[in-house]
1. Against the condition at pLDDT 95 or above, hydrophobic (A, V, I, L, M, F, W, C) and surrounded by 18 or more Cβ atoms within 10 Å (Cβ to Cβ), how does A:Leu119 come out, does it pass?
2. Looking only at segment C:349-381, count every residue that is touching a residue at least 40 places away in the same chain (Cβ under 8 Å), part of a strand (DSSP E or B) and closer than 30 Å to A:Ser23 by Cβ and tell me the total.
3. So A:Glu338 passes all but one of these: (1) at pLDDT below 95; (2) surrounded by 15 or more Cβ atoms within 10 Å (Cβ to Cβ); (3) acidic (Asp, Glu). Which condition number does it fail?
4. Filtering segment B:48-71 down to residues that are among the polar types (S, T, N, Q) and closer than 21 Å to B:Val360 by Cβ, which residue is surrounded by the fewest Cβ atoms within 10 Å (Cβ to Cβ)?
5. Applying the selection to segment B:188-214, what residues are more than 9 Å from chain A (Cβ to nearest Cβ), more than 19 Å from the chain's Cα centre (by Cα) and either crowded, with 21+ Cβ neighbours inside 10 Å or not charged (D, E, K, R) (or both)?
6. Mind telling me which of the residues A:Ile152, A:Ile74 ends up being surrounded by fewer than 20 Cβ atoms within 10 Å (Cβ to Cβ) and either in contact with a His (Cβ under 7 Å, 6 or more places away or on another chain) or aliphatic (A, V, I, L, M) (or both)?
7. If you check A:Asn92, A:Asn105, A:Asn131, which single one turns out to be under 22 Å from C:Ser80 (Cα atoms), of a type outside the set (Val, Ile, Thr) and surrounded by fewer than 20 Cβ atoms within 10 Å (Cβ to Cβ)?
8. If you check C:Glu162 against the conditions, is it assigned to a loop (DSSP other than H, G, I, E, B) and out of contact with any strand residue (DSSP E or B) (no Cβ under 9 Å at 6 or more places or on another chain)?
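The values are calculated or read from the model by the stated rules, or taken from the named source; none is laboratory data. Because the structure is a prediction, the values reported are computed rather than measured. For neighbour counting, all protein chains shown are included, and Cβ atoms are generated from backbone atoms with ideal geometry for every residue, glycine included.
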Amino acid sequence: QEISDTKFGKGLINFTSKDSSFSVKFAPRMQFRSYTSWDYDGENYEDPEQSFLIRRARLKFDGWALTPKLKYKIELGLSSNDIGGGSVYTGNAPRYILDAVLKWNFYENFELWAGQTKLPGNIERVISSGNLQFIDRSILNSRFNIDRDIGIQLHHKINLGENFVIKEKFALSQGEGRNVNVGNIGGLQYTGRLEFLPFGEFIKKGDYIQADLEREPRPKLMVGAVYDFNDDAVKTRSNLGSYMLLENGEFYRTDISTIFVDAMLKYRGFSVMAEYANRDADEPLAMVQGETENSEYVVLVGNGLNVQASYLFKNNYEIAGRYSRNNYEEVTGVLDPEQYTLGISKYIVGHKLKIQSDVVYSTLNDLNDNIIWRAGFDFHF
Amino acid sequence: QEISDTKFGKGLINFTSKDSSFSVKFAPRMQFRSYTSWDYDGENYEDPEQSFLIRRARLKFDGWALTPKLKYKIELGLSSNDIGGGSVYTGNAPRYILDAVLKWNFYENFELWAGQTKLPGNIERVISSGNLQFIDRSILNSRFNIDRDIGIQLHHKINLGENFVIKEKFALSQGEGRNVNVGNIGGLQYTGRLEFLPFGEFIKKGDYIQADLEREPRPKLMVGAVYDFNDDAVKTRSNLGSYMLLENGEFYRTDISTIFVDAMLKYRGFSVMAEYANRDADEPLAMVQGETENSEYVVLVGNGLNVQASYLFKNNYEIAGRYSRNNYEEVTGVLDPEQYTLGISKYIVGHKLKIQSDVVYSTLNDLNDNIIWRAGFDFHF
Amino acid sequence: QEISDTKFGKGLINFTSKDSSFSVKFAPRMQFRSYTSWDYDGENYEDPEQSFLIRRARLKFDGWALTPKLKYKIELGLSSNDIGGGSVYTGNAPRYILDAVLKWNFYENFELWAGQTKLPGNIERVISSGNLQFIDRSILNSRFNIDRDIGIQLHHKINLGENFVIKEKFALSQGEGRNVNVGNIGGLQYTGRLEFLPFGEFIKKGDYIQADLEREPRPKLMVGAVYDFNDDAVKTRSNLGSYMLLENGEFYRTDISTIFVDAMLKYRGFSVMAEYANRDADEPLAMVQGETENSEYVVLVGNGLNVQASYLFKNNYEIAGRYSRNNYEEVTGVLDPEQYTLGISKYIVGHKLKIQSDVVYSTLNDLNDNIIWRAGFDFHF
């Protein structure tokens, strides 16, 4: 072991072995949250409800082995929210593994990934939950994202001229989400993402970090587009949601496609992130073949918009605002949520030690007001 | 990484980073147990039943970050006993996290805690399960303790004169126990604990360690008292036990208060620990409003007494005796258990590597005799 | 901490403490798998089904404490397959702990083990899943092995003459498998294994590693025999399978005995492993006492044969073939499976980083053909 100088925020363990046969960064992290919410009963706001939560707690290993061209990442969940959602499809086991993936740079700018990790979906999802500028992600993300899955990915990068960078990411995956171990019930899932960085790479991969902590001296922009096709999908939100197991004991299968267009812009402490999502399904109503009424499940088709902007002051306080709205198609029978979020963050050691608070004002079909005040901290080695 | 000289019992990993930005001690531990029990059928003792168990197995991280004034502790459970008890209230996830808490010494003798950890309840509970002098805690503890919860705590210390120390501990918590992630169904829980150490602090925090391994040269005493109020509690043992979900689909709510008075005395290898507990509830019988019969749940109201004494010989063998009795109120319909325990421990490397054995003679309402012979070891980096 | 030179494949952390009070090797590992299968419908092979899986993912700690004579091993599972199978008998907890055991060399060649670990059963089972030459173990193993259990073991070794080594291993265990925490429902389990190594010890414990990576310059042979007796067993496959809980709420108990005879031979890159298994039960049909029809469970009695041979080329490619057949007794009503497997492995860093693929042709009662093509890699610090 050749011991590197590690420091808080750079991993609890961080070294390259003496013979340069591997490197490792090991980092635990946790998020503490307090929620206070007021429901509006049509005339008044009711008494508040108060709760506390360890929202996320994780152990993360990453580095390379044999050669810097062979990278690995293993991330494990610890909190109830991280590992819940086990079912007969995960062997009734908690969903302990988030990432378990090898990334092999086998030729020039090509990288082959194998294992379980995030699909190249919408930017907000791919940004680590440890690098957010609000207490949590938006409603667009929670309803339309394509999360993690198991399979293989191919990543490639093109440098055009002095600065212009184009990245292409393709994934072939099982299409039923993470930690599934009953085989593949539906068909496979195909994902392609294209990214354009017309002004070059962000400092320290800042396109996938919220808040302009690097205070980019020149404007940086990333614009991305995703097309995802889940062949014979068996879950209500592509590779997320409920398995559509019909009363007759068979799975309902339908092709689901998801489109994202998103962008990240950073300049001198300002940042703007915008996303649009659209989900469509061949036949969104899940019914036994031949029947025409009483669908047991509905694919959550529709679209969403999320825009957020922020400014980071010199003292590392940041204010941020967010507008989010989902419009589900009528067939779903689901009400359309809309949210306004105003947040403040103090980055003590960047995203590694930060205190955050935000206020969320929500409506459903422009009714049913609700206000939530959220506060919390991140602690991340 | 500045590598400190670690040794067995001081953590598997134990260092302060070179730039003094954090410190960490990481320690796995496990407890192996063998149980042999004989039931008395009224005339004879029946054939014994034999079983083995990994009673506890844990991973613990603690230290400080940024400054020694900001301490952290993360403890994770591994054994079936540690992580069992998951339910719909924990997202059907195993209860993997024991502690996930930050402790901030923000001003003089004041410390603010935020996260999930033990409440400042009865001494026996707050003493780590790795520092016990019997194979396991008493029946007072198992029925009346207030365990861990999530929220915030404020700790303070007063030094009076040369030696006299007073400690005050307050907690505001969710009141439904650890790892709950469905929000807060009942009201909040309020805990206050006052401790008096008239002869000064114990050596190496020995007030919260069983067995006088430090052989205190002068007598040391800690006397404590706890008042705990769980507002609109929804579980049968305050923040432990079953959720009182009634047949009509609603939760039964009642205020539950718990009182503890306890003491620890140590002197030259002798130690005495004594505890009294009392639990009361507004309306212990859980019934649908308006009904007067057939309660579905009962709050376990009553009181308990536990006294134990021990002597540690020069060769680090210890003998210890314990008397425990719980008296539940008649409304509970639960029989009163009484236990006599006689134990012997060999501390090879203090509590870190020890072999223990004890014999427990139990009765229920002075009937139903049962004898258990227990043996095991602790292995703790 | 005295830091040893660690390298990939020798543990992510590997050191002896400066004061020589303990040593530790910590190693994460994972296995990624791809499965493609074709069923034969009697006339044609159907369309293939494709799935991916993190088959195993583990964290392993081992080393010694206080003295090299006191060894420890803790192995934790992470994947759905590793930790699934939780039930009311494991406190509804996932089966997170694989091994948690101390091994004490208390006198000459005697070693006492206490804790949960593999029983001294058939060789294929005791070989780590990280040291296999096919994508997974055989059907003999999956139906007849006696897996892990909790209790104590006594190991001893005799050196006869210059080379001849005899090893004796005895285990007394609970007999219901790993992570059970409801006590012991049936009786205890007794296991004895005798091993003969007429030509001396294998290089680097190669008798318990598949593939002759050490290219033994002289022939090495290990022949072993196991007799296992599970007194009043309550599960259908001795300490594995389903608990035989009858309709009347009682457990069905019957004595189950399992016999293994196995051998490992290695010489200059060649290796042969052969195993025979036989399981018998007093009364294999589980029925309420007095009844004679409609057994609810059946003990899986019968026998199995597994033979595999391989050659490792100079470039660390290996080809291996395997034949496996189980014959269940008629009383079980279970069809007899037969499998032919042809595998190829590339050992990049021995078993620590390897890529494998195999093809399995299966029949049931010589019918119901099925072909599976499997591929995957192991990544093991």
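1. Here the answer is yes, as A:Leu119 does meet what is asked.
2. Of the residues in segment C:349-381, 11 are touching a residue at least 40 places away in the same chain (Cβ under 8 Å), part of a strand (DSSP E or B) and closer than 30 Å to A:Ser23 by Cβ.
3. The failed condition is (1).
4. B:Gln50
5. Within segment B:188-214, B:Phe196, B:Leu197, B:Pro198, B:Phe199, B:Gly200, B:Phe202, B:Ile203, B:Leu213 qualify.
6. That would be A:Ile152, the only listed residue that is surrounded by fewer than 20 Cβ atoms within 10 Å (Cβ to Cβ) and either in contact with a His (Cβ under 7 Å, 6 or more places away or on another chain) or aliphatic (A, V, I, L, M) (or both).
7. Values: A:Asn105 fails: under 22 Å from C:Ser80 (Cα atoms); A:Asn131 fails: under 22 Å from C:Ser80 (Cα atoms).
Checking each option against the conditions leaves just A:Asn92.
8. Details: assigned to a loop (DSSP other than H, G, I, E, B): yes; out of contact with any strand residue (DSSP E or B) (no Cβ under 9 Å at 6 or more places or on another chain): yes.
Against the criterion (assigned to a loop (DSSP other than H, G, I, E, B) and out of contact with any strand residue (DSSP E or B) (no Cβ under 9 Å at 6 or more places or on another chain)), C:Glu162 qualifies.
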